[in-house]
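Only one structure is covered here, and it is reproduced in the block below.
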Amino acid sequence: MTEPLIYELSAAGRRGALLPAIDVPETALPAELLRDDLDLPEVSEMQVIRHFVKLSQMNHAIDKGFYPLGSCTMKYNPKFNEDMARLPGFALLHPLQDQDSVQGALALMYTLQTWLAEISGFKAVSLAPAAGAQGEFSGILMIRKYHQERGDTKRTKILVPNSAHGTNPATVTMAGFQAVELPSDANGDVDLAALRAACDDTVAGMMITVPSTLGLFEGHILDVIRAVHDCGGLMYMDGANMNALMGIVKPGELGFDVMHYNLHKTFSTPHGGGGPGSGPVAVGDKLKPYLPGPVVEIVEPASDEDDAPLYGLRMPEKSIGRMKAFYGNFGMHVRAYAYIRIHGADGLYNVSRHAVLNANYLRVKLRDTYRVPYDRICAHEFVVEGHFPDVENVHALDISKRLIDFGVHPPTNYFPLIVPEALMIEPTETEDKATLDNFVEVMKTIAAEAREHPDRLRSAPHTTPVSRLDEVRAAKQLVLCCRPIPEWAE
Ligand SMILES: *Cc1c(COP(=O)(O)O)cnc(C)c1O
């Protein structure tokens with residue numbers, strides 16, 4: 001870093017805050033609470049502001065630039081959502097308040113449950129899960145309980161295609177099932193012969209990501225659902241990427257038994273870096289009694305048009321239980337409600353149409369420069385190979401690191417595993433044509449550099465405060481310190 005550290009700006013007597021004159025009797029603090037080794041910098045308010053604004057700009061963010069991180073749906077989060085979530089009537093609620101005093105919040109949750117049921121074509125929704133992966137876990141626990149209650153305990157396997165999101169086999173394993181991997185066919189769809197061979201009375205169900213991590217809508221979806229149902233299994237759809245399907249396909253009507261949403265992807269709201277998530281689960285009649293709770297129900301219908309119903313929180317009859325304390329991430333419910341309300345049905349349909357259009361535009365613009373292994377109409381994302389047959393030792397990682405120099409966040413790397421040197425690109429619907437065209441130009445520039453100046457890629461990024469990090473160590477042993485790294489962390 002060439003910028004001075006905030007400690008270097010310190011000058012005796014500089015102040016950033018003015019405290020009001022003391023209006024209580026002065027007393028000495030107990031000596032054991034005082035320390036003289038607290039070496040804080042003495043800086044002005046403006047220096048502090050500049051320091052933190054500079055720090056915040058060292059990271060990439062959707063508010064700063066294009067962020068085509070496949071599967072993660074890093075679309076622009078309208079600031080309106082934030083205004084709504086910060087309304088004091090929502091933000092200052094206490095989870096232990098009487099239900100009588102939070103009827104507005106319960107009405108919002110009830111309406112959101114209803115809308116999410118409508119959009120997905122399912123009967124009932126629970127907003128309890130706090131992330132996509134937690135929604136998955138809830139769904140598989142429901143499938144487990146459904147079979148257990150029927151005394152059908154020999155079903156120990158869940159089928160998972162090799163184009164599934166990585167959380168799917170992890171969820172299956174955590175729920176105590178054996179994950180059975182299914183191959184994909186040459187088109188990137190589930191290999192139907194392998195599926196039929198795997199279907200028997202030990203199969204509890206199948207977990208399929210739609211659209212798949214190849215960005216493809218499963219071509220034989222109805223055959224897949226039928227095959228699993230015919231052997232007594234239930235169908236789970238990973239709907240984290242419903243941003244490709246809204247207003248176009250209803251998974252409940254296709255025959256799925258359960259799916260989860262990622263509110264923090266499809267319905268905007270900031271995410272990443274472990275920020276708050278929300279992964280509601282939607283189910284049909286079979287699994288409704290098992291939903292995680294609590295769910296919001298109408299306790300007393302409205303007596304007439306001018307009256308509001310009385311809402312209450314209930315645990316479903318045979319619930320798998322709670323997924324987290326209280327009622328899910330309520331602030332995320334408010335943001336998703338605001339997003340759906342602002343878009344309306346036509347607006348959501350257009351979100352999906354444009355997400356799909358943008359991805360296909362990029363796929364076609366890039367396919368002469370980068371190999372697209374499953375080159376057919378895609379959904380909201382597509383996968384290219386990040387290497388070139390005529391260039392040795394330039395990898396997807398080098399292309400990604402070089403993108404940072406052009407102000408673009410890298411696509412998802414090395415996933416899905418079935419594509420060598422995978423770069424998974426999801427432009428999202430919120431980007432305009434100029435941004436997409438600029439990305440195409442940058443990707444072509446990088447492809448040319450790979451041939452002429454491959455070292456420029458291998459040593460990228462060049463424009464960031466630090467270049468290539470030991471990513472494992474950076475995650476496991478993160479040192480958040482603006483002074484030279486202490487000895488213990490070396
Ligand atoms: C993001 C994603 C998940 C996991 O969601 P989290 O909220 O990160 O737990 C699961 N499946 C798919 C397809 C996803 O894109």
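If you roll a 1.4 Å probe over the stretch 82-171 with all protein chains in place, what percent of the accessible area is carbon or sulfur?
The value for the stretch 82-171 is 56 percent carbon and sulfur by accessible area.
At a Förster radius of 60 Å, what calculated FRET efficiency corresponds to the Cβ-Cβ distance of E26 and D223, to the nearest 0.05?
After rounding to 0.05, the efficiency reads 0.15.
Taking a probe of 1.4 Å, how large is the accessible area per residue of the chain, in Å²? Kindly include the intermediate steps, with their values, before the conclusion.
Details: 24460 Å² over 490 residues.
Normalised by residue count, the accessible surface of the chain is 50 Å².
Taking every pair of Cα atoms in the stretch 111-250, average 1/r, invert it to obtain the Kirkwood radius, and report Rg/Rh to two decimals.
Answer for the stretch 111-250: 0.94.
Give me the number: length gained by fully extending E45 to A345, i.e. 0.36 nm times residue separation minus the C-alpha to C-alpha distance, one decimal in nm.
Values: separation 300, 0.36 × 300 = 108.00 nm, distance 4.68 nm.
Stretched fully, the E45-A345 segment lengthens by 103.3 nm.
Could you sort 63-70, 200-207 so that the peptide with the highest average Cβ count within 10 Å comes first and the rest follow in order?
200-207, 63-70
Would you check the accessible area of M424, probe 1.4 Å, heavy atoms only, in square angstrom rounded to 10?
In the full protein context, M424 sits at about 0 Å².
Applying a 10 Å radius around every beta-carbon, put 75-85, 353-363 in order of their mean neighbour count, most first.
Working: 75-85: 16.5, 353-363: 20.5.
Highest mean packing first, the order is 353-363, 75-85.
How much length is gained on full extension from D375 to L96, taking 0.36 nm per residue of separation minus their Cα-Cα distance?
Working: separation 279, 0.36 × 279 = 100.44 nm, distance 5.29 nm.
Roughly 95.1 nm would be gained on extension.
Volume per residue, Å³, of the convex hull around the alpha-carbon atoms of the stretch 318-441?
194
Can you work out ³J(HN,Hα) from phi for every residue in the stretch 174-190, in order, using Karplus 6.51 cos²θ - 1.76 cosθ + 1.60 and θ = phi - 60°, giving whole Hz and x for Gly and Pro?
Ordered by residue, 3J(HN,Hα) equals 4, 7, x, 9, 8, 7, 9, 7, 10, x, 9, 8, 5, 8, x, 8, 5 Hz.
At R0 = 41 Å, how high is the FRET efficiency between Q57 and D285 if r is their beta carbon distance? Nearest 0.05 is fine.
It comes to 0.20.
Roughly what would the spin-label model give for R458 and R367, points 7 Å off Cα along C-beta, in nm?
3.3
Can you tell me which lysines have their Cα less than 30 Å from the Cα of K145? Leave out same-chain residues fewer than eight positions away.
K123, K154, K157, K250, K265, K286, K288, K318, K324
Using only protein heavy atoms and a 1.4 Å probe, report how much of S459 is accessible, in Å² to the nearest 10.
The value for S459 is about 60 Å².
Run down the lysines and flag those whose C-alpha is under 18 Å from the C-alpha of K401, throwing out any fewer than 8 positions away in its chain.
Leaving aside lysines fewer than 8 places away in the same chain, those within reach of K401 are K64, K444.
Ignoring any ligand, DNA or RNA, what whole percent of the accessible area of the stretch 346-490 comes from carbon and sulfur when the probe is 1.4 angstrom?
54
Above 34 angstrom, tally the Cα pairs of the chain and express them as a % of all pairs, no decimals.
The calculated P(r) of the chain puts 46 percent of pairs beyond 34 Å.
Where Rh denotes the Kirkwood radius from the mean inverse Cα pair distance, what is Rg over Rh for the stretch 81-341?
0.99
The values are calculated or read from the model by the stated rules, or taken from the named source; none is laboratory data. Remember, it's a predicted structure, so these values are computed and weren't measured experimentally. Glycine gets a Cβ as well: all are built from the backbone with ideal geometry, and neighbour counts include every protein chain shown. Side chains are part of the model used for accessible areas, which takes the heavy atoms of the whole protein and leaves out ligands, DNA and RNA. Shrake-Rupley method; radii C 1.70, N 1.55, O 1.52, S 1.80 Å.
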